[in-house]
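**Student:** The following block contains the structure, expressed as structure tokens.
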Amino acid sequence: MILRDIIDKLGLKILSGEGSLDIEVKVAYASDILSDVMACAVKGGLWITNQNHQNVIAIVYFKTLAGAILAGGMMPDDETLAKARDKNVPLFQSELPAFEISGRLYGLGIKGSA
Amino acid sequence: MLRWLKVDLHIHTVLSSCAELSMGPKDIVHKAVSEGLDMIAITDHNAADNVAAVIGAARNWPLTVIAGMEVSTKEEAHVLCLFEDVDRVMRFQEFIQAGLPEGVNDESFFGPQIICDENEHVLGKCEKLLAFSTRHPFDSVAAKARELGGIVIPAHIDRKSCSLLKAFGFVPQNAAIDALEIQEVKNLETLQMEHIKNSGYPIVTDSDAHDVDRIGSRYTYIYAAEASFVELKAALKGDGGRRISVREPAQEVLEATLYERNDE
Ligand SMILES: [Zn+2]
């Protein structure tokens, strides 16, 4: 499914990376252990997390993920958000808890990546 | 003779990509001395290559420099690990860095990780991904530090991220922890911090300076015989009347120690 449509269907708030929403997303990964995400998340996939520190941006950037969805209303601090915008790293936010986001993505045909 | 000393156990150098380029060894030493600190610890993220340079830069100054590191554990908890000498921290570095993810530091993203000597000459750059966490969990990191005779202090546990309290949900009892670091002393008033105050671990506060101006902004008082790693360890244990305090010791206590010094 095209990322832009996923964002619409889940009602995600776009925090940064508006310029890269027309890609196809097939897989996603949910984890809050960043070293685990570094090891297991797949290029081009979405990532659902409750973490909100600067390394979330770094991981999306290094692993070339489609983006990170901050669950449960988590917000990055100003410095992290500025970095995400500066590097055009796609960062989305939802008030829904991580389980709910994962379930809805699965319902849209997105599969687990690991 | 015991006296009150001012210590800051959490200072970064130019090796931490997030630190300002002003954080060279000489600048750190000069600022620490001018702020009246007796002892500082150098704690870069997942590395200790600049510890020896800062110790060297402090050689002719009334300042003790402790060899340390701020480890990012698997659980995303930041933990200060302090050692008696450079040799031990470098052995610890080998263990920590073996757990870092593969890959080369991207300077355009994170910034440079500069290794320098005591005269602030650039010796090279660390290419490892120091900004990421090691895959070693807290328990293994603490056990390794203890094995090397080190001191273990979970850093800024009152922060919303990179804190052991945030990662674990509560502070484990009877763990290999020598003290807890808080960023704001006033946070000790809140309910959860009240629980931490009663957990039995000593509390310290440090600057976590990433730029020179922050040095001296926060520090801990230790009541000890001299500014040394061994005395710090004894003060954290409360040996022989030694102790620590995040609040200014009562004025009369300070004056009493002044008289004691005059008597010597
Ligand atoms: Zn720090």
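The values are calculated or read from the model by the stated rules, or taken from the named source; none is laboratory data. No experiment lies behind these values; they were computed from the predicted model shown. Here the Cβ positions follow ideal geometry from the backbone for every residue, glycine too, while neighbour counts run over all protein chains shown.
**Student:** Which members of segment B:84-112 meet the condition of being surrounded by 16 or more Cβ atoms within 10 Å (Cβ to Cβ) and within 14 Å of another protein chain (Cβ to nearest Cβ)?
**Tutor:** Across segment B:84-112, the qualifying residues are B:Ile96, B:Gln97, B:Gly99, B:Leu100, B:Pro101, B:Asn105, B:Phe109, B:Phe110, B:Gly111.
**Student:** What tally of residues in segment B:141-161 results from selecting those that are within 13 Å of chain A (Cβ to nearest Cβ) and within 11 Å of B:Gln183 (Cβ to Cβ)?
**Tutor:** Within segment B:141-161, residues that are within 13 Å of chain A (Cβ to nearest Cβ) and within 11 Å of B:Gln183 (Cβ to Cβ) number 3.
**Student:** Let me ask you something else. Residue check: is A:Lys13 more than 20 Å from B:Ser133 (Cα to Cα) and surrounded by fewer than 21 Cβ atoms within 10 Å (Cβ to Cβ)?
**Tutor:** Numbers: more than 20 Å from B:Ser133 (Cα to Cα): yes; surrounded by fewer than 21 Cβ atoms within 10 Å (Cβ to Cβ): yes.
For A:Lys13, the condition - more than 20 Å from B:Ser133 (Cα to Cα) and surrounded by fewer than 21 Cβ atoms within 10 Å (Cβ to Cβ) - is met.
**Student:** Could I ask something else about it? Restricting the search to segment B:86-107, which residues are in contact (Cβ under 8 Å) with a residue 60 or more places away in the chain and part of a loop (DSSP other than H, G, I, E, B)?
**Tutor:** The one that is in contact (Cβ under 8 Å) with a residue 60 or more places away in the chain and part of a loop (DSSP other than H, G, I, E, B): B:Asn105.
**Student:** Moving to a separate point now. Mind listing whichever residues of segment A:28-48 are away from chain B (no Cβ under 11 Å) and either of a type in the set (S, T, N, Q) or buried (at least 19 other Cβ atoms within 10 Å of the Cβ) (or both)?
**Tutor:** Within segment A:28-48, A:Ala28, A:Tyr29, A:Ala30, A:Ser31, A:Ala41, A:Gly45, A:Leu46, A:Trp47, A:Ile48 meet the criteria.
**Student:** Are any residues in segment A:61-77 surrounded by 22 or more Cβ atoms within 10 Å (Cβ to Cβ) and within 11 Å of chain B (Cβ to nearest Cβ), and if so, which ones?
**Tutor:** Within segment A:61-77, A:Pro76 is the sole residue that qualifies.
**Student:** Name the helices (runs of 4 or more DSSP H) wholly within segment B:168-264 that hold at least 2 residues that are more than 17 Å from B:His10 (Cβ to Cβ) and modelled with pLDDT of 95 or more? I'd like the intermediate steps shown before the answer.
**Tutor:** On the way: elements: B:191-197, B:229-237, B:251-263.
Because the criterion is at least 2 residues that are more than 17 Å from B:His10 (Cβ to Cβ) and modelled with pLDDT of 95 or more, the helices (runs of 4 or more DSSP H) in segment B:168-264 that meet it are B:229-237.
**Student:** Can you say whether B:Gly124 is at positive phi, within 13 Å of chain A (Cβ to nearest Cβ) and without any contact (Cβ under 8 Å) to a residue 24 or more places away in the chain, as far as the supplied structure shows?
**Tutor:** Details: at positive phi: yes; within 13 Å of chain A (Cβ to nearest Cβ): no; without any contact (Cβ under 8 Å) to a residue 24 or more places away in the chain: yes.
In short, no.
**Student:** On the basis of being of a type in the set (Gly, Ala, Ser) and within 16 Å of the ligand (Cβ to nearest atom), does B:Gly68 make the cut?
**Tutor:** On the way: of a type in the set (Gly, Ala, Ser): yes; within 16 Å of the ligand (Cβ to nearest atom): yes.
Yes: the conditions hold for B:Gly68.
**Student:** Would you say B:Pro62 is closer than 30 Å to A:Ser31 by Cβ and either of a type outside the set (A, V, I, L, M) or without any contact (Cβ under 8 Å) to a residue 24 or more places away in the chain (or both)? Spell out the reasoning first.
**Tutor:** On the way: closer than 30 Å to A:Ser31 by Cβ: no; either of a type outside the set (A, V, I, L, M) or without any contact (Cβ under 8 Å) to a residue 24 or more places away in the chain (or both): yes.
For B:Pro62, the condition - closer than 30 Å to A:Ser31 by Cβ and either of a type outside the set (A, V, I, L, M) or without any contact (Cβ under 8 Å) to a residue 24 or more places away in the chain (or both) - is not met.
**Student:** Taking the condition in contact (Cβ under 8 Å) with a residue 24 or more places away in the chain and either under 28 Å from B:Gly99 (Cα atoms) or touching an Asp or Glu at 6+ places or on another chain (Cβ under 7 Å) (or both), does A:Lys83 pass? Walk me through how you get there before you give the answer.
**Tutor:** Numbers: in contact (Cβ under 8 Å) with a residue 24 or more places away in the chain: yes; either under 28 Å from B:Gly99 (Cα atoms) or touching an Asp or Glu at 6+ places or on another chain (Cβ under 7 Å) (or both): yes.
In short, yes.
**Student:** For the structure I just gave you, tell me whether B:Val79 is without any contact (Cβ under 8 Å) to a residue 24 or more places away in the chain, under 21 Å from B:Ala52 (Cα atoms) and hydrophobic (A, V, I, L, M, F, W, C).
**Tutor:** Numbers: without any contact (Cβ under 8 Å) to a residue 24 or more places away in the chain: no; under 21 Å from B:Ala52 (Cα atoms): yes; hydrophobic (A, V, I, L, M, F, W, C): yes.
Considered against the rule, which asks whether it is without any contact (Cβ under 8 Å) to a residue 24 or more places away in the chain, under 21 Å from B:Ala52 (Cα atoms) and hydrophobic (A, V, I, L, M, F, W, C), B:Val79 comes out as no.
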